Each structure stands twice: as structure tokens, then as C-alpha cells.
Amino acid sequence: MSQMFHLVRHAQASFGAADYDNLSDLGHRQSSALGAALKYQGVTPDAVFIGAQKRHRQTWDGIESELQTGIEPVVLPGWNEFDFGGLLKARYTDRDDAPADLNSDRKTHFRILRDTVLEWQRDEIANPPETFAAFSDRVRQARDVIAASGAKSPIAVSSGGAIGRTVADVMGAPAEQMILLQLQVRNCAVARFVLAKGQTWLNGFNETPHIHADNEGEMLTYS
């Protein structure tokens, strides 16, 4: 039996706030708008999986407000984002060149995110909170749980890094492609995969069925 797996990035979180791990007001609107768009497309999930972070649950709650599946999501911490704050702390230990505007300027944030992830992948950061190999393994294991679930149309809510890692893994791309994919993933974007016979195929990437010409100025966000 083949499975059509929808993997959703969380809606806009609280960039620059003391606690990033909460959806913004716009994020709540994005998630419910995505739910309405998926309903219009005829997406009817029979199993739901989310990472353990608040923004994952909040995003699913918004989607569910429109889909009305009545399904209680299974929490899979393997879909959690990697600890970027911990990576930064490890990277800049004994260094004094950390940008002051890292968490307030988006351009600086994403540039440092890219450079930090590339160093992490090359094992150039001492004592990271999690090795890149361990991150890759847990994301792959989370996907394996879904493949083994027997669900025909599972859906999961995760984060950009885990989604970038999944797409790169499925495509057999070099590790450095993960961050290049991650930086493209929009809030509430959908990646689709076909799971069958122990294999996974990419069927769609970075889809935003809830965004159109009339609302793009508000709804299209990346952080």
C-alpha cells in the first residue's frame, strides 16, 4: 500500500521575542488558512504526527480547526528542530565575534544560520547540543515511524531544518543541500512524499495552497 505523506512546516513563530516557540497572530491565521486550503484540495489525513515543540502543536490546532478530523496527534520528538541557540553557543565559545543583531535582523540571522549549519555538518563545532549525524538519524526514524503506521494519508507538522534534512535525504543530495532547502521553506509550506515498498519519493516541495495573489503580501513569511 502506498502512502501520501504531507509534511508541513509550522506557521510563523515569534522571531525576536523572548520565546520564539509560539505562533504569532499571523501564524495562527496562516495555520487555519492552510487547513482550509487542504480541505478544499480534499486532503483527509487518517493519522497526524507532530514534533514536541509548541509551534508544532499550535500549527496543527489551526489546521485542525478547518479540517475537523477529530484525530489526536502523535508526538514524535524526532520532528523537532535542531537547537540553533545551543549550536550558536557552542560555535562562539571562546570567540567574541557573534553579531549583536543576530536575533533582531533577519538577514543577519539567516546568514549566520547558514554558516553555522555548514560548520556543524563538517563537525567543526566542538560540543554541539546534538551532532549532525544524530539529528539526521532521529529525523529519518520519525519518517520511518510514519511509514510503518499503516496510515494511507498521514500528515506531520515539523520545522524547516527537519524538512530540509528529509528532502535532502530522500533525494540523495549532499548534506550541505539541507540548509539551502531549509532557507527556502515558507511558513506553513507543504512537502509531499509517496511512501511505498520501503522507499520514499518526493512528490511536491514548498507548496503553499493557502497563499494567492490577494493575500501574498501578508501570508508569505519565512520565520
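The values are calculated or read from the model by the stated rules, or taken from the named source; none is laboratory data. For clarity, every value in this text was computed on a predicted model and none was experimentally measured. Using ideal geometry, Cβ is built from the backbone for each residue, glycine included, and neighbour counts are taken over all protein chains shown. Ligands, DNA and RNA are stripped out before the accessible areas are found, and what is left, the full protein with its side chains, is counted by its heavy atoms. Shrake-Rupley method; radii C 1.70, N 1.55, O 1.52, S 1.80 Å.
Things worth noting here:
- Residue match in the range 151-165 (condition: open to solvent by 70 Å² or more (accessible area, probe 1.4 Å) and at pLDDT below 95): no
- Yes/no for residue 27 being of a type in the set (Gly, Ala, Ser), surrounded by 15 or more Cβ atoms within 10 Å (Cβ to Cβ) and not in a strand (DSSP E or B): yes
- Condition check for residue 170: farther than 24 Å from residue 88 by Cβ, at pLDDT 95 or above and of a type outside the set (Asp, Glu): yes
- Residues of the range 199-210 that turn out to be surrounded by fewer than 17 Cβ atoms within 10 Å (Cβ to Cβ) and within 25 Å of residue 113 (Cβ to Cβ), as a count: 3
- Options 30, 68, 41, 3; residue that is within 18 Å of the chain's Cα centre (by Cα) and either farther than 23 Å from residue 222 by Cβ or modelled with pLDDT of 95 or more (or both): 30
- Residue count, the range 72-105 (criterion: open to solvent by 70 Å² or more (accessible area, probe 1.4 Å), touching a residue at least 24 places away in the same chain (Cβ under 8 Å) and among the small types (Gly, Ala, Ser)): 1
- Flag if residue 189 is farther than 19 Å from residue 74 by Cα and touching a Ser or Thr at 6+ places or on another chain (Cβ under 7 Å): yes
- Residue identified as assigned to a loop (DSSP other than H, G, I, E, B) and either open to solvent by 40 Å² or more (accessible area, probe 1.4 Å) or basic (Lys, Arg) (or both) among 40, 20: 20
- The condition of being out of contact with any His (no Cβ under 7 Å at 6 or more places or on another chain), of a type in the set (Gly, Ala, Ser), crowded, with 21+ Cβ neighbours inside 10 Å and under 23 Å from residue 42 (Cα atoms) holds for only one of 191, 196, 213, that being 191.
- Of the candidates 148, 134, 142, the single residue that is among the hydrophobic types (A, V, I, L, M, F, W, C), closer than 24 Å to residue 74 by Cα and surrounded by 20 or more Cβ atoms within 10 Å (Cβ to Cβ) is 142.
- Under the condition of being open to solvent by less than 20 Å² (accessible area, probe 1.4 Å) and either under 18 Å from the mean Cα position of the chain (by Cα) or touching a residue at least 12 places away in the same chain (Cβ under 8 Å) (or both), the residues counted in the range 106-125 number 6.
- Taken over the range 171-188, the criterion of being more than 15 Å from the chain's Cα centre (by Cα) and either open to solvent by less than 50 Å² (accessible area, probe 1.4 Å) or of a type in the set (Phe, Trp, Tyr) (or both) is satisfied by 173, 175.
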